Every structure is written in structure tokens, then in C-alpha cells.
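First the structure, in the form of C-alpha cells, and then the observations on it.
Rule-based calculations on the coordinates, nothing more; no lab input. Computed from a predicted model, the values in this text were never measured in an experiment. Glycine also receives a Cβ, built like all others from the backbone with ideal geometry; neighbour counts cover every protein chain displayed.
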Amino acid sequence: MVNYPEAGHQDLSSLRFATSAGEALPVELYERWKKMFGVELLDGLGTAEMWHIFLSNKPGGVKAGTVGTVVPGFEVKAADEEGREMPEGETGMCWVRGRSRAIGYWQMMEKTAQGFRGEWYVTGDLIRRDRDGFYTHCGRADDMMKVSGKWVSPLEVENCLLKHPAVNECAVVPVIDVSGLTKPCAFVVARQLQSGLEDDLKDFVKRNLEPYKYPRSIVFVEALPRTHLGKVDRAALKRRSAEPLL
């Protein structure tokens with residue numbers, strides 16, 4: 001919606017707030033929305049297994065870039081594989097419990113054992129909690145990639161790229177180079193293609209993040225593929241980038 005300038009002329013003053021889900025909401029996108037429509041956009045996190053959103057920003061209490069605080073009726077923690085809660089500010093797996101939780105996956109015992117731990121469900125999301133009780137979504141554990149012996153979150157690289165004025169949308173996935181090593185590859189929807197933009201974006205990430213996190217390859221596309229839920233189809237992007245990088 002924010003990509004259509006004429007949308008900003010619409011009167012949305014009758015709305016108290018709007019909600020966002022499915023993908024983590026970058027700070028830049030929240031600010032563009034708020035500036036254009038003057039309405040708070042509440043991001044949150046939920047799963048089908050919990051049948052509910054269990055983390056959410058609330059009207060009048062939005063912290064941009066986070067998925068908010070715990071929804072009443074649920075308990076959430078950032079924890080390690082054994083369920084030990086991580087210190088404030090450190091990233092861990094999202095563990096959640098509440099009475100809306102499913103009891104398991106139909107005829108999938110191994111997957112059930114991995115995700116359902118007693119009263120808790122381990123979502124596969126990486127989160128961290130700040131001193132005010134707001135949680136930040138740090139990506140999916142299975143989307144993390146190891147580059148130069150260090151872990152890289154695609155979400156972190158994407159949020160950095162979105163700060164560049166030429167980037168409209170982007171998604172980062174791992175690819176294998178000719179040496180068999182994993183490298184980040186960015187698919188970018190540019191506002192306007194221009195000469196030297198690929199090198200400019202790579203340098204932009206190097207300046208704003210640790211240099212090893214920059215995308216070794218950038219592919220410009222007209223649109224990002226989406227699943228039936230509206231999420232970026234990362235599997236499709238991985239298949240598209242399956243050919244080794246030079």
C-alpha cells in the first residue's frame with residue numbers, strides 16, 4: 001500500500017489501528033506507513049500450533065521493529081534448546097505456552113517431539129527480550145546461515161538493505177559458491193534501477209553491518225515470490241539461486 005503514492009490521499013481517520021503479521025515488520029516500513037496514513041500498525045507473532053497471536057504491540061504502546069509484549073493468557077520466553085531462559089538482550093528460541101496450544105501433529109511423531117515440550121511449544125523462531133518486555137523477532141532458526149564461520153541472520157541483512165533509499169523490498173537467502181561455501185544472496189525489488197547499484201548496496205551493508213554479512217550476489221527482480229499466506233517464498237528463491245555463484 002505504501003508503494004502507491006495515491007494511497008496517501010485516502011482518509012483513514014476512521015481507523016483506530018491496523019495490524020501486521022506473517023513477516024517481521026521493519027522499522028522503515030512502519031515509519032513509512034505511519035507517515036502516509038497516520039495510523040499505528042501493530043506487529044505481532046503467532047502460530048497455527050498456538051491458534052493465536054501470543055506477542056503483539058498494542059494501541060498507544062508501539063515499539064517499532066518489535067513484535068510487542070506478551071498477550072494475556074500466554075507465557076513466552078527466549079530460551080536455549082533445553083528450555084533455559086536467555087538473559088535479557090540475548091537471542092534464543094521462542095518457547096510459548098497457553099491453553100490454546102495444539103496437542104501435536106497428526107501422525108508426525110518425530111516433528112511433534114521436536115516442537116511440543118510438555119506444556120511448551122518451541123516455534124522455531126529466534127527472539128530476544130529487552131528491558132521493557134518487548135520482543136524482537138530475529139528470524140527463523142532454519143533460515144540462519146553460517147558465513148566465514150559466523151552466524152548471519154537474513155532478517156538483519158534485509159533490514160539493513162531496506163534503509164537504502166533505492167530498495168523497495170528485499171529477501172536474503174543462502175547460496176553455495178563454487179568453493180562449496182555458503183554466502184548470502186539478496187533478491188532486491190529496486191525503486192529505480194541505476195548504474196552501479198549492486199556495488200552501492202554491497203558497500204552500504206559493509207558500512208552498516210559487520211563486513212562478512214554483506215550479500216555476495218544481488219539479483220534484481222520485479223517482485224518477490226509469495227506463499228498463499230502472503231509470506232516471502234524463500235524456498236522458491238533458494239531454488240532460483242541453486243546454481244553455484246562464481
| Too long at a 23 Å Cα-Cα cut-off: which of LYS206/LYS231; LYS146/LYS202; LYS63/LYS150; LYS111/LYS183? | LYS206/LYS231; LYS63/LYS150; LYS111/LYS183
| query | Roughly speaking, what is the stretch gain from GLU75 to TYR4, that is 0.36 nm per residue apart minus the C-alpha to C-alpha distance, in nm to one decimal? | reply | 21.7 nm
| Residue range of the chain that is longest and free of chymotrypsin sites (Phe, Trp or Tyr not before Pro) which are both DSSP loop and sparsely packed (at most 16 other C-beta within 10 Å) | 107-246
| query | At 37 °C and 0.692 mPa s, what whole-number value in µm²/s does Stokes-Einstein give for the translational diffusion of the stretch 5-141, with Rh from the Kirkwood sum over Cα pairs? | reply | 205 µm²/s
| task | With a cut-off of at most 10 other beta carbons within 10 Å, and DSSP calling the residue loop, which trypsin sites (Lys or Arg not before Pro) in the stretch 1-78 qualify? Please list them. | result | ARG16
| task | May I ask you to compute the full-extension gain from LEU209 to GLU85, defined as 0.36 nm times their residue separation minus their alpha-carbon distance, rounded to one decimal in nm? | result | 41.9 nm
| said: Please list, by residue number, every one of the trypsin sites (Lys or Arg not before Pro) in the stretch 151-215 that is coil in DSSP and has at most 15 other beta-carbon atoms within 10 Å. | reply: LYS163, ARG191
| message | Ratio of alpha-carbon Rg to the 2.2 N^0.38 Å globular estimate for the stretch 170-239, to two decimals, please. | response | 1.16
| query | What is the diffusion coefficient of the chain in µm²/s, taking the Kirkwood radius over Cα pairs and the Stokes-Einstein relation at 4 °C with a viscosity of 1.567 mPa s? | reply | 66 µm²/s
| field | 3J(HN,Hα) from dihedral phi, the stretch 29-41, Karplus parametrisation 6.51/-1.76/1.60, rounded to Hz, x for glycine, proline | value | 5, 4, 5, 5, 4, 4, 5, 6, 10, x, 10, 5, 10
| task | Mind checking the full-extension length gain between ASP132 and VAL189? Use 0.36 nm per residue of separation minus the Cα-Cα distance, one decimal, nm. | result | 17.1 nm
